Amino acid sequence: MAKITPIEFKVFSKYIFDVCGITLKEGKEYLIETRLSPLLEKHGCVSFSEIYYKARRDKDLEKEIIDAISTNETFFFRDVTPFEVLQHKILPDLIDKRGRSLRPGARIPIRILSLGCSTGQEVYTITFVLRALGLGTDMYDIRLIGVDVSNAAIAKASYGVYSEFELSRGLSPAQISQYFLKLDENRWKVKDEYRWLATFETHNIFDTSKDLGRFDIIFCRNVGIYFSPIDRIKMYEKIAAMLEPDGYLLIGATESLTYDTDRFVPKKYLRAVFYQPNPAVTG
């Protein structure tokens, strides 16, 4: 495996920050080496300097680098508690609030965004929860979007096909049979009744040219850990602007907003913590 020099790491980490906002501090040299070494071999490069200069001239190679660096670990029902609070607290409360202001017979709007959705496991887990509550498009106007900076991740998420190993991480055999159709010995596809509830698109949270709209619920779990403190502040400001005044934000189990923003206040439900906009702070 190719080794990256200190000068190459400095140049490459700035390049990665510029193209996708991910901050790589000293000590993360191994991440570039392990994730990008296959690309060096694929493109006939002998050093990280060579592939850097190639990528500056080749947008397709740049996308490959973004895909390799930004692909993070994910699995179905990761950490469990966010989906428990979604099912038993957030969605029932949201439906009750939204339903009160509608005319009889109107579909209740539910707007959910998953930021940094990777290959789609989080989004599909949300669809499993929606269906478990009996929520479909007949009575509910559901808009569930998963976004990620990686084109490859979004392509896989949209297709909704996973290996036996990917399914075994978080799902029981009974759940696999309930949510998926077996394609062959090692591939399963999300059933249409769940897959059609979600859409996916490539998007960078720091891209100011595109407006995703407003949402009732935003999942942004284990995303901020890849950004600098300044960029985390910017990210949560953007989330605050996208979230409805009575909306809900869910972040990673090991994350905290304490030092990044005062735009949200924490709420507890059983073992889970979620956040809602702070009425005392306006943008």
Tell me, yes or no, whether the range 11-21 has at least one residue that is more than 18 Å from Phe206 (Cβ to Cβ) and modelled with pLDDT of 85 or more. yes
The correct count of residues that are within 19 Å of Met242 (Cα to Cα), hydrophobic (A, V, I, L, M, F, W, C) and surrounded by fewer than 22 Cβ atoms within 10 Å (Cβ to Cβ) in the range 109-130 is 1
Next on the checklist: Taking the criterion of being among the polar types (S, T, N, Q) and either under 16 Å from the mean Cα position of the chain (by Cα) or outside the structural domain of Phe165 (by TED's automatic domain parsing) (or both), would at least one residue in the range 94-113 satisfy it?
Outcome noted: no
Exception for Thr119 within (1) in a strand (DSSP E or B); (2) closer than 26 Å to Ile66 by Cβ falls at (1)
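Filtering the range 62-116 down to residues that are aliphatic (A, V, I, L, M) and assigned to a loop (DSSP other than H, G, I, E, B), which residue is nearest to Tyr140 (Cα to Cα)?
Here the residue is Ala106.
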Of the candidates Arg143, Arg100, the one satisfying the condition of being surrounded by 15 or more Cβ atoms within 10 Å (Cβ to Cβ) and basic (Lys, Arg) is Arg143
Counting only residues in the range 23-44 that are in a loop (DSSP other than H, G, I, E, B) and at pLDDT 85 or above, the one nearest to Ser70 (Cα to Cα) is identified as His43
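The values are calculated or read from the model by the stated rules, or taken from the named source; none is laboratory data. Model, not experiment: these values are computed from the prediction. Note: ideal-geometry Cβ built from the backbone for every residue, glycine included; neighbour counts use all protein chains shown.
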